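Reading through the structure tokens given below for one structure.
The values are calculated or read from the model by the stated rules, or taken from the named source; none is laboratory data. Computed from a predicted model, the values in this text were never measured in an experiment. All Cβ positions, even for glycine, are placed from backbone atoms using ideal geometry, and neighbour counts span all protein chains on display. Just so you know, the surface numbers come from the protein's heavy atoms only, side chains and all, with ligands and any DNA or RNA stripped out. Shrake-Rupley method; radii C 1.70, N 1.55, O 1.52, S 1.80 Å.
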Amino acid sequence: MGEQRVALVTGGAVGIGAGISERLAADGFEVIVTGRRAGVAAEMAERIGGRSLAFDVSDHAATVAAIQGAGRIDVLVNNAGWDHFDWFTDLPYETMRKLVAINLEGVLSCTQAALPSMQEHRWGRVITIGSEAGRIGSKGNAVYAACKAAAVGFSMSIARENARFGITANVVAPGPIETPLLREMTPHAIEVVTNQTQMKRLGTPEECAAAVSYLASEAAGYVTGEVLAVSGGMHLGG
Ligand SMILES: NC(=O)c1ccc[n+]([C@@H]2O[C@H](COP(=O)([O-])OP(=O)(O)OC[C@H]3O[C@@H](n4cnc5c(N)ncnc54)[C@H](OP(=O)(O)O)[C@@H]3O)[C@@H](O)[C@H]2O)c1
């Protein structure tokens, strides 16, 4: 077997990210768990035998310094995200800026920092956690949805620019998944989104992690510029 591959998972200690960190460690990757809360990230890293880093993805300089200081990165999972629910007309400008800074600029900064290592090793996977909100929209979620839609155009462009280096770029688009982020919604809103799925249930972090595991694998080397929804068929409507 060759050298152990390294996967960096932003927001990798909580919710969907925790599922992804655990799964990629089980798949044989050395996992770098990141988050804003150093202790929480370190605890998860210890549990799965990986490393941890603490930085805020909305701080470009700190993000680039942390990721480039981490050494070799083969797989980047852009998972860190944040949501705030409000009608768009009521959304304060500062909140709008924060949503864009974390959900879109964070993806750009992490990807720009991680790509040189993948290009050098002529192999890589950029996997961004989008959302069904980016495809079908979501009430009270307009800026978040805009960022998630933008992540698709970004990922497709990264796929085009980096195929020559053996690097793929794909999006995993979850529907409603049982995590701390989802629990920010009211019980009524959770019931509404659950009913929008064909499966009539919430998804799990493990189900999202299985999609990431596939896209990170050798077997997915011919899959790029794709959006894989893990949403119980939410986009089908009806
Ligand atoms: N849950 C859902 O229903 C759902 C649906 C569609 C898409 N998604 C997407 O899936 C991803 C994970 O969501 P989740 O539900 O697992 O969320 P979560 O439970 O709220 O966890 C969010 C993670 O992101 C990290 N994070 C947040 N802001 C950050 C920042 N500024 N810098 C660095 N790390 C930051 C958090 O770490 P710290 O707490 O340490 O900062 C935490 O680990 C997000 O991209 C989200 O948009 C979720």
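Take the residues of segment 185-206 that are farther than 28 Å from A169 by Cβ and in a helix (DSSP H, G or I): which is modelled with the lowest pLDDT?
Ranking the qualifying residues of segment 185-206, first place goes to A189.
So, R125, is that one among the charged types (D, E, K, R) and crowded, with 16+ Cβ neighbours inside 10 Å or not?
So R125 fits the description; yes.
Picking from S131, S109, which residue would you name as being at pLDDT 95 or above, crowded, with 17+ Cβ neighbours inside 10 Å and part of a loop (DSSP other than H, G, I, E, B)?
Being at pLDDT 95 or above, crowded, with 17+ Cβ neighbours inside 10 Å and part of a loop (DSSP other than H, G, I, E, B) holds for just one of S131, S109, which is S131.
Answer with yes or no whether D74 is more than 16 Å from L108 (Cα to Cα), surrounded by 21 or more Cβ atoms within 10 Å (Cβ to Cβ) and in contact (Cβ under 8 Å) with a residue 24 or more places away in the chain.
Numbers: more than 16 Å from L108 (Cα to Cα): yes; surrounded by 21 or more Cβ atoms within 10 Å (Cβ to Cβ): yes; in contact (Cβ under 8 Å) with a residue 24 or more places away in the chain: yes.
Taking the combined requirement at face value, the residue satisfies it.
Taking the residues in segment 207-238 that are more than 16 Å from the ligand (Cβ to nearest atom), open to solvent by 40 Å² or more (accessible area, probe 1.4 Å) and part of a helix (DSSP H, G or I) as candidates, determine which candidate is nearest to V9 (Cα to Cα).
Among those that are more than 16 Å from the ligand (Cβ to nearest atom), open to solvent by 40 Å² or more (accessible area, probe 1.4 Å) and part of a helix (DSSP H, G or I), it is Y214.
Looking only at segment 173-195, decide whether some residue is closer than 29 Å to Q68 by Cβ and buried (at least 23 other Cβ atoms within 10 Å of the Cβ).
Yes; the residues of segment 173-195 include at least one that is closer than 29 Å to Q68 by Cβ and buried (at least 23 other Cβ atoms within 10 Å of the Cβ).
Please go through segment 9-50 and pick out each residue that is farther than 15 Å from P205 by Cα, more than 12 Å from the ligand (Cβ to nearest atom) and open to solvent by less than 20 Å² (accessible area, probe 1.4 Å).
V31, I32, A45
Which residues, counting only those in segment 139-148, are part of a loop (DSSP other than H, G, I, E, B) and surrounded by fewer than 19 Cβ atoms within 10 Å (Cβ to Cβ)? Quick ask: steps written out before the conclusion?
Within segment 139-148, the subset part of a loop (DSSP other than H, G, I, E, B) is 139-141.
The answer is K139, G140.
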